[in-house]
Amino acid sequence: MNPFDTRWYHAKLSKEAVRLRAALPPSPKRDSVVIREAEIHQAILDECRRRGWLVFHGSMATATARTRGEPDFVICREGGVTLMVEVKTRIGKLSTDQQAVAAWARKLGHTVFVVRSFEEFLQLLL
């Protein structure tokens, strides 16, 4: 199988979904806010996979080498459309680094969308 074909990419996303679910098992001790955000992440990943989009997503389970303040998702859609999406819970706030990245992106003519539910994410797609 070509390592850059669609089947390979979707298999990779599926492995990420399994890893994300395993990293955040339901537990009465775990903060429900974190679980809820992880569920939104997973719903977004599933929707992007369903639509055949290219998605760059940082893990919630481990520290990554991504840029500080980088949005949770960079999504490449058909027609050359790119979405940058940060997921927050209902009461979550952007960190200083996230605010700085959003401001820099805005200065360059881009938007970092902040969504607080899967339904808000779906509204971006209209």
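How many residues, within the stretch 101-115, are of a type in the set (F, W, Y) and touching a strand residue (DSSP E or B) at 6+ places or on another chain (Cβ under 6 Å)?
Step one: filter the stretch 101-115 for residues of a type in the set (F, W, Y), giving 104, 113.
Subset that is touching a strand residue (DSSP E or B) at 6+ places or on another chain (Cβ under 6 Å): 113.
Qualifying residue count, the stretch 101-115: 1.
Is there a residue in the stretch 101-124 that is at pLDDT 95 or above and touching a Pro at 6+ places or on another chain (Cβ under 6 Å)?
Checking the stretch 101-124: at least one residue is at pLDDT 95 or above and touching a Pro at 6+ places or on another chain (Cβ under 6 Å).
Go through (1) surrounded by fewer than 17 Cβ atoms within 10 Å (Cβ to Cβ); (2) among the β-branched types (V, I, T); (3) at pLDDT 95 or above for I91 and report which single condition fails.
(3)
Output the strands (runs of 3 or more DSSP E) that fall wholly within the stretch 44-126 and possess 2 or more residues being touching a residue at least 40 places away in the same chain (Cβ under 8 Å), or say none. Don't jump to the end; show me each part of the working.
Details: elements: 54-57, 73-76, 82-87, 112-115.
Those strands (runs of 3 or more DSSP E) span 54-57, 82-87, 112-115.
What is the one condition in (1) buried (at least 16 other Cβ atoms within 10 Å of the Cβ); (2) in contact (Cβ under 8 Å) with a residue 24 or more places away in the chain that A38 does not satisfy?
In the conditions (1) buried (at least 16 other Cβ atoms within 10 Å of the Cβ); (2) in contact (Cβ under 8 Å) with a residue 24 or more places away in the chain, A38 misses (2) alone.
The values are calculated or read from the model by the stated rules, or taken from the named source; none is laboratory data. Since the model is a prediction, treat every value here as computed from it, not as a measurement. Please note: Cβ atoms are built from the backbone with ideal geometry, for glycine as well, and neighbour counts cover all protein chains shown.
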